[in-house]
Amino acid sequence: MPAPIRLRELIRTIRTARTQAEEREMIQKECAAIRSSFREEDNTYRCRNVAKLLYMHMLGYPAHFGQLECLKLIASQKFTDKRIGYLGAMLLLDERQDVHLLMTNCIKNDLNHSTQYVQGLALCTLGCMGSSEMCRDLAGEVEKLLKTSNSYLRKKAALCAVHVIRKVPELMEMFLPATKNLLNEKNHGVLHTSVVLLTEMCERSPDMLAHFRKNEKLVPQLVRILKNLIMSGYSPEHDVSGISDPFLQVRILRLLRILGRNDDDSSEAMNDILAQVATNTETSKNVGNAILYETVLTIMDIKSESGLRVLAINILGRFLLNNDKNIRYVALTSLLKTVQTDHNAVQRHRSTIVDCLKDLDVSIKRRAMELSFALVNGNNVRGMMKELLYFLDSCEPEFKADCASGIFLAAEKYAPSKRWHIDTIMRVLTTAGSYVRDDAVPNLIQLITNSVEMHAYTVQRLYKAILGDYSQQPLVQVASWCIGEYGDLLVSGQCEEEEPIQVTEDEVLDILESVLISNMSASVTRGYALTAIMKLSTRFTCTVNRIKKVVSIYGSSIDVELQQRAVEYNALFKKYDHMRPALLERMPVMEKVTTNGPAEIVQTNGETETAVLETKPPPSGLQPANQANDLLDLLGGSDITPVIPTAPPSKPASGGELLDLLGDLNLTGIPSITAYNKNGLKIEFTFERSNTNPSVTVITIQASNSTELDMTDFVFQAAVPKTFQLQLLSPSSSVIPAFNSGTITQVIKVLNPQKQQLRMRIKLTYNHKGSAMQDLAEVNNFPPQSWQ
Amino acid sequence: MLFFFPLLPIQQMQFMLLFSRQGKLRLQKWYVPLSDKEKKKITRELVQTVLARKPKMCSFLEWRDLKIVYKRYASLYFCCAIEDQDNELITLEIIHRYVELLDKYFGSVCELDIIFNFEKAYFILDEFLLGGEVQETSKKNVLKAIEQADLLQESQNEDWGGLSEDIL
């Protein structure tokens, strides 16, 4: 039997293969040869065959049939066999294979071998891939070797122990005695691995940590060793670019970090050495910066004095200016970690950080962006937003969504003015409109709604934005919604903030219809557009027929959502036309939504879902909202002027209690009043005050009917003076049964922050005895307790 | 009975890969137990990701929940996966030290050396790192150990009669 082909020969041959198929053929041939060689139990060349198998394995071919052969090699007496055998075991076997346990005995023997290089092989293999069972079985041997005076073995045993502890944490205690004098070693290898072992123990167990702090006085020892490293002269064996054993320095610094964390005494004991390392380390090469980096991490994590912390942040600041992008990267990462705790110190480096937004490297850009957002505050918001908007414009697509969200958040928190806020939102929507997250749309709609004095400006800008391009869905959704709400302002040219544009009703409908038809429009967007068109039927005067036509067309749309809406809107036109104006009225100021948490949205009617949080627009069946300006148009206007929300949108408290119908109500006896009593229709008001918000009054109205016929399609509307806010919840029904046999109840919440005398105008519409009835009245008899 | 910190992240190197500019694997050292299939998948994806990086980019990237530190030396990429807490800059030094060791051992190392002598590349790595941690910080000591082990191997081969040339 000729000797099997040599390893290097095989490699050479395989590399001549010109195609994948040719290579595969060669491999298969060789594998067959190797298999038969294995079958023949050839001891001489087993290592050669396994070595070849390992090469083929690296190329991606299966080699599991060599697993047992590795075990045989390990058991051999020849060093070459063991070397290849252990290598094979590490490559082909892992703890998932049952076979691997067969290694245990061999390893045990080899750990006690007379030759240190064999012992080394065993330790290495165990420390690399030992399973929990193996570790349990062999921990004792490792512990023994940890106490040997042979530094070659001691250092390996230390790292092997680390692996054992990671696999079987309960075994940690047995290694404790052996750690006693580890740091007294001169040998750097042992020192390094000992520090790693101590680090592992301290990180895993608070008991160990306390023990090493107090009993072993580890900190002074480490400080001493570190000091020697820094102060000692040139040591060729351990020198790296003028620094003595940087690997050891870094590990010591890390262990110091763990010891100093949350411990004043330890932190104090290491203060000086940290300052020394921080100031004396050579920074021209990566190796020095690696040490500085570790030092900074340690300073920031322990209880260091403020001077030291500032020193650390300044090091990071210098890192930011380093030509080496790797250094800039770690600086940004670290600053991100410390920006919360050392905000002011990091602020000083803001301009450098902002410059990093222009870096070419994606990872650096991302960190710079995150850090920039963390640094935005009330003072720098204008400048920072300018930079971030520019970044949004020019950055890669993978950033745009996060950047947009970040800008919205920051703008919400720190907007210096409403106009600026709206402008910023507009900028984001037009720049990165398709990357904006879905949840931004309802948030923005709410923001716009609450910025009442900006409505005309906002709708004008949004209109202009989608005129050219209606492909960016979030932008189009917000724009559609606004146009639907404030289209009347648009065509009447009421804008104060900028030059009003001339737009006709038809032009507005044109753009909305284009959105409806466009292939680019998502189903949700179409829904927005359709509802907007419908709303305009009460805001526009000349184009109602056109709107009717559009709506009726979509009554047979394939899209079920659109179809349903269109059908309902059609019904509004046909059967419920008298309700249409009321249903489609202006949305009132909404509850402030916290952008992260679940919404506490107040809609004007309880029956709708919390629409603002979903991407669907407010559903069609709106009950009488109470934007007083529209109501007052119907009432014929007078000294009662439209309600303007007195609370700025960022204050959640004001409306919060309005939601809470049952909680916190003061049910002391406030006398109820009869607000209206005519033609058999009587309306009574009962009052409740909120305990938590003295500006809130909750009025429950009860409508009763003393005539002999029912009153149907009953709608109650109310208007209040300028300084009040009013919210009408859904009525219990729309039919008041005859003979006082039942009532309609409805709840009104009034916000009266200026504690002015409550006045109210009400409007009632209903059908009775076959004819439509309507009446207006003023309610002036509110008891003082209801508003004082 | 010791009390343990819950769910502590293990700080260690998870694996080291060496691959060529064509994406051919030249060395793979795994310090965490994974199936062959998983290893292949990780290797394939990571190699693709690293090869797609432009020269101007920094040596670090986030990949899955790991930090990847890589550096190119001539035609070979050296790629390490470390945990979140680890110091990337010192990992670069670790990679550099390994390259220096290979260079010293092979005498001006090139990719071909590592292709034809892959088992030696592993042996050297196993004298430098153990379980993903540095075991010897002295270049001299690592090379001395390898030298001695090689000598031991040769002397044994002679003992076993007539196979004084490379047994492999």
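Here, each number is a calculation from the coordinates, and none is a lab measurement. Because the structure is predicted, anything quoted here is derived from the model rather than measured. Don't worry about glycine lacking a Cβ; one is built from the backbone with ideal geometry, like all the others, and counts go over all protein chains shown.
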- Which Cα, out of A:T458, A:V362, A:A269, lies furthest along the positive dipole direction of chain A (beta carbon charges, K/R +1, D/E -1)? A:A269
- Between A:E133 and B:K140, the FRET efficiency computed from the C-beta separation at R0 = 60 Å comes out, to the nearest 0.05, as 0.95
- Note on the structure: When chain B is treated as a Gaussian network with springs between alpha carbons less than 10 Å apart, the largest mean-square fluctuation among B:D84, B:D65, B:D113 is found at B:D65
- Please work out the FRET efficiency for the pair A:Q785 and A:D713, using the Cβ-Cβ distance as r and a Förster radius of 35 Å; give the result to the nearest 0.05. 0.55
- Task: Once you have the Kirkwood Rh of the stretch A:238-289 from its Cα pairs, apply Stokes-Einstein at 25 °C and 0.890 mPa s and quote D in µm²/s.
- Result: 207 µm²/s
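Relative to the compact globular guide of 2.2 N^0.38 Å, what is the alpha carbon radius of gyration of the stretch A:207-329, as a ratio? Can you show the working numbers first?
On the way: Rg = 14.4 Å, N = 123, 2.2 N^0.38 = 13.7 Å.
So the stretch A:207-329 has a normalised radius of gyration of 1.05.
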- Enumerate by residue number the GluC sites (Glu not before Pro) in the stretch A:36-71 meeting two conditions: DSSP loop (anything except H, G, I, E, B), and at most 11 other Cβ atoms within 10 Å of the site's Cβ. A:E40, A:E41
- Efficiency of FRET from Cβ geometry, A:L176 and A:K303, R₀ 30 Å, rounded to 0.05: 0.65
- About its Cα centre, the stretch B:15-166 carries a charge dipole, from +1 on Lys and Arg Cβ atoms and -1 on Asp and Glu Cβ atoms, whose size in debye to the nearest 20 is 1080 debye
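Return the loop-located trypsin sites (Lys or Arg not before Pro) in the stretch A:176-282 (DSSP other than H, G, I, E, B) with at most 16 other Cβ atoms within 10 Å of their own Cβ; answer none if there are none.
Numbers: sites: A:K180, A:K186, A:R204, A:R213, A:K214, A:K217, A:R224, A:K227, A:R251, A:R254, A:R257, A:R261; in loops: A:K180, A:K186, A:K217, A:R261.
Sites meeting the loop and neighbour criteria: A:K180, A:K186, A:K217, A:R261.
Taking each pair of distinct Cα atoms in the stretch B:4-135 once, what is the resulting Kirkwood hydrodynamic radius in Å?
15.3 Å
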- Task: Take the Cα coordinates of the stretch A:376-433, assign each an equal point scatterer, and use the Debye formula without solvent to give log10 I(q)/I(0) at q = 0.18 Å⁻¹.
- Result: -0.52
- Message: Please arrange A:C135, B:C110, A:C542 by how many other C-beta atoms lie within 10 Å of their C-beta, fewest to most.
- Response: A:C542, B:C110, A:C135
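For A:D577 and A:D506 in the same chain, what is the full-extension length gain: residue separation times 0.36 nm, less their Cα-Cα distance, in nm?
Difference between extended and current length: 23.4 nm.
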- Determine the gain in length on full extension of the stretch A:Q221-A:D98; use 0.36 nm per residue of separation and subtract their C-alpha separation, reporting nm with one decimal. 39.9 nm
- Message: What distance in nm separates the two pseudo spin-label positions at B:D166 and A:N519, each 7 Å out from Cα along the beta-carbon direction?
- Response: 6.3 nm
- Note on the structure: Taking a crude spin-label model, label points 7 Å out from Cα along the C-beta direction, the A:A210 to A:V544 distance in nm is 8.1 nm
- Message: At q = 0.08, 0.19 Å⁻¹, what log₁₀ I(q)/I(0) does the stretch A:46-197 have when each alpha carbon counts as one equal point scatterer in the Debye sum?
- Response: -0.23, -1.08
- chain A: relative contact order from alpha carbon pairs under 8 Å, six or more residues apart, as a whole percent, is 5 percent
- Query: Ranking A:S232, A:S451 by Cβ neighbours within 10 Å, fewest first, what do you get?
  - Reply: A:S232, A:S451
- Task: Please determine, in degrees from 0 to 90 and to the nearest 10, the orientation of helix A:264-280 with respect to the longest principal axis defined by the Cα atoms of chain A, where the helix direction is its Cα long axis.
- Result: 80 degrees
- What is the magnitude of the charge dipole of the stretch A:1-146 about its Cα centre, with +1 placed on the Cβ of each Lys and Arg, -1 on the Cβ of each Asp and Glu, and no other charges, expressed in debye to the nearest 20? 560 debye
- Item | Principal axes of the stretch B:54-122: Cα extent on each, largest first, Å | 35, 24, 18
- When the dipole is taken about the Cα centre of the stretch A:32-117, and only Lys, Arg (+1) and Asp, Glu (-1) are charged at their Cβ, what size is it in debye, to the nearest 20? 200 debye
- Dividing the alpha-carbon Rg of the protein assembly as shown by 2.2 N^0.38 Å yields what? 1.29
- Using alpha-carbon pairs under 8 Å, 6+ residues apart, how would you state the relative contact order of the stretch B:15-166 in percent? 18 percent
- Ratio of Rg to Rh for the stretch A:407-470, alpha carbon only, Kirkwood? 0.93
- Query: So what's the angle, to the nearest 10 degrees on a 0 to 90 scale, between helix A:286-301 and the longest Cα principal axis of chain A?
  - Reply: 60 degrees
- Message: Within the stretch A:47-71, name every residue whose backbone N is under 17 Å away from a label modeled 7 Å from Cα of B:F116 along the Cβ vector.
- Response: A:52, A:55
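What is the extension gain from A:D239 to A:S492, computed as 0.36 nm multiplied by their sequence separation minus the C-alpha to C-alpha distance, in nm to one decimal?
Details: separation 253, 0.36 × 253 = 91.08 nm, distance 7.96 nm.
So the chain would gain 83.1 nm between A:D239 and A:S492.
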- Message: Report, to one decimal in Å, the Kirkwood hydrodynamic radius for the stretch A:697-788 based on all distinct Cα pairs.
- Response: 14.2 Å
- Note on the structure: Quick calc: nm separation of the 7 Å Cα→Cβ label points for A:S733 and A:N43 -> 10.1 nm
- Query: So which of A:K285/A:K365; A:K285/B:K29; B:K29/B:K71; A:K186/B:K139 end up more than 26 Å apart by C-alpha?
  - Reply: A:K285/B:K29
- Cα-based convex hull, the stretch A:421-527, per residue volume (Å³, whole number): 90 Å³
- Item | Kirkwood estimate for the stretch A:443-493, i.e. one over the average of 1/r between Cα atoms, Å | 10.8 Å
- Message: Would any residue of the stretch A:383-411 have its amide N under 19 Å from a label point 7 Å out along Cα→Cβ of A:D438? List them or say none.
- Response: A:400-406
- Residue (of A:V223, A:N780, A:Y554) at the positive-pole extreme of chain A, dipole from beta-carbon charges: A:V223
